[in-house]
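Notes to accompany the following structure.
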Amino acid sequence: MIARIKHRRGGPLPRVQSEDISVKYTILAARLFIGGLFVYASVYKIMDPAEFAGAIRNYLILPAAWSNVVALTLPWVELVAGAFLVLGIQSRPAAVLTTGMLTVFLAAVVYAYATGLDIDCGCFGSPESSGGRVGVAHIVRDLALVLVSFAVVLWDRGDFALETIFHSKVASPSSP
């Protein structure tokens with residue numbers, strides 16, 4: 001749908017595609033949601049890496065020594081990727097990273113469910129905040145998160161990003 005808007009002085013404004021505006025705001029919301037979720041998920045894991053290492057070991061996928069390394073590094077990667085998405089710094093590469101992480105998380109949850117592991121997902125650190133035992137709801141949730149993050153990869157054009165704001169101010173400084 002193309003809308004034609006008239007300026008107060010009588011002259012027409014350029015055509016605006018309403019779909020573009022709605023896509024911009026939808027992708028902004030998706031970027032902020034995924035970024036905020038990753039920042040939130042990282043905080044408890046950073047504060048208690050030993051508990052997070054236990055949650056990783058419960059999946060029976062990685063050797064115990066690797067679970068410690070992952071527990072010490074993954075939350076920081078989540079924090080930086082999430083912060084980059086929230087701030088709009090390198091948002092497409094950050095969304096590629098979050099989409100990749102979410103895909104791995106989804107695969108781990110599917111594996112745990114398929115093999116009948118009775119474990120907490122460990123998604124948000126503590127068992128109380130992780131949403132209970134791994135089940136179909138976790139699989140559906142993680143799949144939806146992968147799709148939302150992938151939408152940011154596909155359609156984010158840097159709208160409302162700090163990079164875009166600072167670049168436009170440097171490129172065209174206001175006249176005194």
Starting with the highest mean, order 63-71, 40-48 by the number of other Cβ atoms within 10 Å, averaged over the residues of each peptide.
40-48, 63-71
PRE zone check, label point 7 Å out along Cα-to-Cβ of ILE61, amide N under 19 Å, scope segment 134-163, hits 134-150
What is the spin-label model distance, in nm, from LEU147 to LYS24 if the labels are put 7 Å beyond Cα along the C-beta direction?
2.6
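Can you give the net charge of the other residues whose Cβ lies under 13 Å from the Cβ of LEU28, counting K and R as +1 and D and E as -1? Spell out each step's value before the answer.
Numbers: positive: LYS24, ARG31, ARG157; negative: ASP20, ASP156, ASP159.
Local charge sum for LEU28: 0.
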In whole angstrom, the spacing between the Cα centers of segment 137-168 and segment 57-79 equals 25
Measure off 7 Å from each Cα along the Cα-to-Cβ vector at ASP118 and ILE139, then give the distance between these two points in nanometres to one decimal.
1.9
What is the list of residues in segment 18-49 whose amide nitrogen lies under 17 Å from a point 7 angstrom out from the Cα of LEU72, following Cα to Cβ?
45-49
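Since every read-out is calculated from the coordinates, none of them should be taken as a lab result. Computed from a predicted structure; not experimentally measured. Don't worry about glycine lacking a Cβ; one is built from the backbone with ideal geometry, like all the others, and counts go over all protein chains shown.
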